[in-house]
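Please read the structure below before turning to the comments.
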Amino acid sequence: MKNLLLLMLIPLFGIAQTPSSLAVKGYLASNSEEKMLLLKNIKDAINFQNIHRSYFEYKPLVFDQKLTDEAQQWAEYLTKTNKPEHSPTKGGQGELIFYAPKNYFKNTSNLMINASVFWVLSEDDIEKVTLDQVLCKKCSKIGFGIALSNDTYYVVAKYNKMGDFK
């Protein structure tokens, strides 16, 4: 059972060859308090990735609303299919996907941080493509989407450029 749970947490390693609404825990953030919390969580996730980028003296990622809209749309699509897969190629963008059963986390207040930590620390990714996406030299913008199906959280990060894979 433990191995099955770990397999469910492994992100998709193939980076995608690839209305402004924000969602929180599967529903649209309609009031300003929910939107502020979600924006804070996005900022925290970006800051976490930027800490790792700073060790290599890469320029920091900045929030991008268009990428966030695209990531949110894809996260919502994943909840409908309940099948983790990358979005179709779009302009050389990079993409990371994290998914986990909703009962796995006691505190779901910032799944974007959990996803970012997992992408940076993933040891199951032999080729390290998830970390290569986070540490993409030519990337400068990022957006996040999050959605909940009946039983699974999906977090999608979209980057303006695809990772520097070796």
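The values are calculated or read from the model by the stated rules, or taken from the named source; none is laboratory data. For clarity, every value in this text was computed on a predicted model and none was experimentally measured. So basically every Cβ, Gly included, is an ideal-geometry build from the backbone, and we count neighbours across all protein chains shown. Each accessible area value is taken on the protein alone, full model and side chains, heavy atoms only, with ligands, DNA and RNA left out. Shrake-Rupley method; radii C 1.70, N 1.55, O 1.52, S 1.80 Å.
Segment Lys66..Glu85, full-extension length gain: 4.8 nm, with 0.36 nm per residue of separation and the alpha-carbon distance subtracted.
Place the peptides 147-159, 110-122, 43-55 in order of packing, highest mean first, counting for every residue the other Cβ atoms within 10 Å and averaging per peptide.
Working: 147-159: 22.5, 110-122: 19.9, 43-55: 16.5.
Answer by packing, highest mean first, reads 147-159, 110-122, 43-55.
Projected label points at Asp151 and Ser32, each 7 Å from Cα along the beta carbon direction, are separated by 4.1 nanometres.
For Phe56, Phe144, Phe63, write out the residues from largest to smallest accessible area, computed with a 1.4 angstrom probe and no ligands counted.
Working: Phe56 115, Phe144 5, Phe63 80 Å².
Descending accessible area places them as Phe56, Phe63, Phe144.
Ligands, DNA and RNA left out, the accessible area of segment 56-110 computed with a 1.4 Å probe is 52% carbon and sulfur. Here the relative contact order of segment 39-166, from alpha carbon pairs under 8 Å that lie six or more residues apart, stands at 39 percent.
Relative to the current alpha-carbon distance between Phe56 and Lys106, full extension at 0.36 nm per residue lengthens the span by 14.7 nm.
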